[in-house]
Amino acid sequence: MVAKADVRKFFKVYEKIYNDAIADTVDLNDVADMYSAGFVSVTPAAVMVGENGEQLKAIMTKGFGLSCPRQQEDDLQGGLCDTCRPGPLRG
């Protein structure tokens, strides 16, 4: 059984990482630490297995919006537009 304190700690860390991502200050090492050595990723398009490592960080770099599909890169200076940016999480 998982202790309630461990679950709360996990979600506090998750909340911080999520909000850091919104602010474009996320540390991909912190995000990678949230994943086990092997994991399953599920999207509407596919179910995939992954391995925690440099390839995961490379994929996350794209996923965290280092370029936005909705606007010109020079308009965003490497960030997300308001349409693509998710709202903050609150615990």
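The values are calculated or read from the model by the stated rules, or taken from the named source; none is laboratory data. Values in this document were obtained by computation on a predicted structure and should not be read as measured data. Note that we place each Cβ from the backbone using ideal geometry, even for glycine, and neighbour counts take in every protein chain shown. Ligands, DNA and RNA are excluded from the accessible area calculation, which covers all protein heavy atoms including side chains. Shrake-Rupley method; radii C 1.70, N 1.55, O 1.52, S 1.80 Å.
Pairs are defined by a Cβ separation below 8 Å, a sequence spacing of at least 6 or placement on different chains, a first member in segment 15-43 that is within 16 Å of LEU56 (Cα to Cα) and among the small types (Gly, Ala, Ser), and a second member that is at pLDDT 85 or above and surrounded by 12 or more Cβ atoms within 10 Å (Cβ to Cβ); the pairs so defined are ALA21/VAL31; ALA32/ASN52; SER36/ASN52; ALA37/GLU51; ALA37/ASN52; GLY38/GLU51; GLY38/ASN52. When the helices (runs of 4 or more DSSP H) confined to the chain are screened for residues that are at pLDDT 80 or above and open to solvent by 70 Å² or more (accessible area, probe 1.4 Å), those reaching at least 1 such residues are found at 4-22, 28-33, 54-63.
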